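Scroll down for the structure; my scribbles are underneath it.
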Amino acid sequence: MKSIKQFFVLAPLLSLEFSCGIVEELQEEEGSVLLETTEISADVSLTLPEESYDYAFTFGGMRLAEQDNTPSDNPITDAGATLGRVLFYDTLLSLNETVSCGTCHIQSLGFADNLALSVGFDGELTGRNSMGLANARFYENGKFFWDERADSLEEQVLMPIQDSKEMGLSIDEAVLRVSEASYYASLFEAAFGDSTVTEERMSYALAQFVRSIAGFPAEALTDRRATGDLDSEVLAGKRLFFSREASCGRCHGGASLTTDQARDNGLEIFDDLGVFTATGDSDDIGEFKVPSLVNIGLTAPYMHDGRFETLREVVEHYSSGIQENDNLSNRIAENLTLSDGESDSLVAYLESLTNTNLTTNPKWSDPFVRQ
């Protein structure tokens, strides 16, 4: 990768001539999907399906329409999400070309990270834990980040690129780099009608890809009235989860197991004031966005700062660790003091909320092959 890094930085005007000399289109079968591989350098190639994967699908039922934050001017398209997938995984969008969005949002980990704080392009740690991205589309108020400082996903997706610890580029430099990388021309043309690269188009494509990362556990797990063919411990955990006593479902409801606004869940406030840092409203001190619980068993560690390493620790927090404060959500049940058996069943239920399609489907995987 070193020579490619130097090439893009030092000789951008030669990029087309250079890439035309080494690009080869290879074809191979991935099940029934015909793939095309473009060699970007001796060490890196880009593999995409000859016909786009199906990203522009819709979900029937489950009362999801009112939760969908997709704007009317940026619907998910197969070509747009394909472009977004390449941008999402391209290390070209970090200052030293070492990290991408996918570095901190790993598919096999529910598009989260397994570190309390992720490592940025220059080795510095991010300010908060990397939240899983599954079902970002189904968060009604449409705000993003733990402190909800981004008003839309279109706004959010470009902010890590520009963050001094995460990826370290200016947006102008990001647009320039993408413009000079020849493998993007056909992708932008397919998505937007011509090959022009703009900040808005990059934002729209990335948002389309992230919104496409959607899926749910079996209905028997998320519908409080359904039982299905569940393991007895999982069923016991589900009943407790949705019970008035535990009231977990008051903040984690619906098919996506989340809610539509930030909450204070009784953590010690310490140095991070949550949504207050974005709004300046004292009523928001200690409030954080409520994550979807889909694939929660894969996204450890937990909370905005990654303080809990296991789901058992999370359950123990809600059982006996709630800290009183003026902004504590009235949906939080205090002093549950769950038994060991009840805690075990809740953990079993949470671990059952896995959608393996999200973690294994190649349409959401890294299309770059790096030697």
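The values are calculated or read from the model by the stated rules, or taken from the named source; none is laboratory data. A quick note: this is a predicted structure, and the numbers were derived from the prediction, not measured. Note: ideal-geometry Cβ built from the backbone for every residue, glycine included; neighbour counts use all protein chains shown.
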### Query
Given the residues E200, E233, which is the only one that is assigned by the TED database to the domain that holds P71, outside any loop (DSSP other than H, G, I, E, B), more than 29 Å from D284 (Cβ to Cβ) and at pLDDT 95 or above?
E200
### Message
I'd like to know if region 204-214 contains one or more residues that are over 22 Å from F111 (Cα atoms), in the same structural domain as D54 (by the TED database) and either touching a residue at least 60 places away in the same chain (Cβ under 8 Å) or assigned to a helix (DSSP H, G or I) (or both).
### Response
no
### Query
If you take the residues in region 143-174 that are free of Cβ contacts under 8 Å to residues at least 40 places away in the same chain and in contact with a helix residue (DSSP H, G or I) (Cβ under 7 Å, 6 or more places away or on another chain), which one is nearest to D281 (Cα to Cα)?
A150
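Yes or no, residue by residue, for (1) buried (at least 18 other Cβ atoms within 10 Å of the Cβ); (2) of a type in the set (D, E); (3) in a loop (DSSP other than H, G, I, E, B):
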| position | (1), (2), (3) |
| --- | --- |
| N325 | no, no, yes |
| L346 | yes, no, no |
| L350 | yes, no, no |
| N357 | no, no, no |
| D366 | yes, yes, yes |
### Query
Can you spot a residue in region 308-315 that is more than 30 Å from L92 (Cα to Cα) and in contact (Cβ under 8 Å) with a residue 60 or more places away in the chain?
no
### Task
Working only within region 215-230, note down all residues that are outside any loop (DSSP other than H, G, I, E, B) and over 26 Å from the mean Cα position of the chain (by Cα).
none
### One residue from A333, A278 being over 20 Å from N129 (Cα atoms), among the aliphatic types (A, V, I, L, M) and either in contact (Cβ under 8 Å) with a residue 60 or more places away in the chain or outside the structural domain of G249 (by the TED database) (or both)
A333
### Task
Please find, among V44, V33, the residue that is more than 27 Å from L169 (Cα to Cα), in contact (Cβ under 8 Å) with a residue 60 or more places away in the chain and touching a strand residue (DSSP E or B) at 6+ places or on another chain (Cβ under 6 Å).
V33
### Task
Filter region 165-182 down to residues that are within 24 Å of the chain's Cα centre (by Cα), assigned to a loop (DSSP other than H, G, I, E, B) and either among the small types (G, A, S) or under 17 Å from E154 (Cα atoms) (or both), then give me how many there are.
2
### One residue from E316, E268 being of a type outside the set (S, T, N, Q), surrounded by fewer than 20 Cβ atoms within 10 Å (Cβ to Cβ) and assigned to a loop (DSSP other than H, G, I, E, B)
E268
### Query
Does region 272-283 include one or more residues that are in contact with a Leu (Cβ under 8 Å, 6 or more places away or on another chain) and farther than 21 Å from A348 by Cβ?
no
### Message
Looking at region 234-259, I want the residues that are under 19 Å from N135 (Cα atoms) and have a partner that is in a helix (DSSP H, G or I) and modelled with pLDDT under 95 with Cβ atoms under 6 Å, at least 6 apart or on another chain. Which pairs are those?
### Response
A255/T222
### Query
If you go through region 207-220 one residue at a time, do you hit one that is surrounded by fewer than 17 Cβ atoms within 10 Å (Cβ to Cβ) and not small (G, A, S)?
yes
### Task
Give the residues of region 241-259 that are surrounded by fewer than 21 Cβ atoms within 10 Å (Cβ to Cβ) and aliphatic (A, V, I, L, M), sorted by residue number.
A246
